[in-house]
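Novice: Take this structure, written in structure tokens, and hold onto it; I'll ask about it next.
We did not get these values from a lab; they are worked out from the coordinates using the rules stated. All figures in this text were calculated on a predicted structure; none of them were measured in a lab. Neighbour counts run over all protein chains shown; Cβ positions are idealised from the backbone, glycine included.
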Amino acid sequence: MKLQLLEDRGNLAEIEGYLQRALDLSPDNIEALEEAAHFYDVVIPDSQRAAYFASRCRERAAALVTEMDGILATSDTAR
């Protein structure tokens, strides 16, 4: 879900609305969390929001790594 935020600064409120909608629909979507962190870090600077979304993105990424490690461990055992 790349919004091309830095290329299209035309209607930031609209872009922010789309980003919020994506997060409402899928609050653990790692791509949406990443985009939100970048959006609030660079496009509409808000360090607290940027840190919040960056933290959530890291948590989800860590959980994803754990999930993938489990799959790999099972795959290695099955061989």
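Novice: Would you please put 21-29, 52-60, 34-42 in order of how densely packed they are, using the mean number of other Cβ atoms within 10 angstrom per residue and starting with the highest? Walk me through the numbers on the way to the answer.
Specialist: On the way: 21-29: 13.0, 52-60: 16.9, 34-42: 19.3.
The most tightly packed comes first, giving 34-42, 52-60, 21-29.
Novice: Let me ask another. What distance in nm separates the simple spin-label points at R58 and D28, each placed 7 Å from Cα in the Cβ direction?
Specialist: Label-label distance for R58 and D28, simple model: 2.0 nm.
Novice: Considering all projection directions equally, how large on average is the shadow of the alpha-carbon convex hull of the stretch 30-78, in square nanometres? Let's see the in-between values first.
Specialist: Values: hull surface 13.0 nm².
Here the figure is 3.3 nm², rounded to one decimal.
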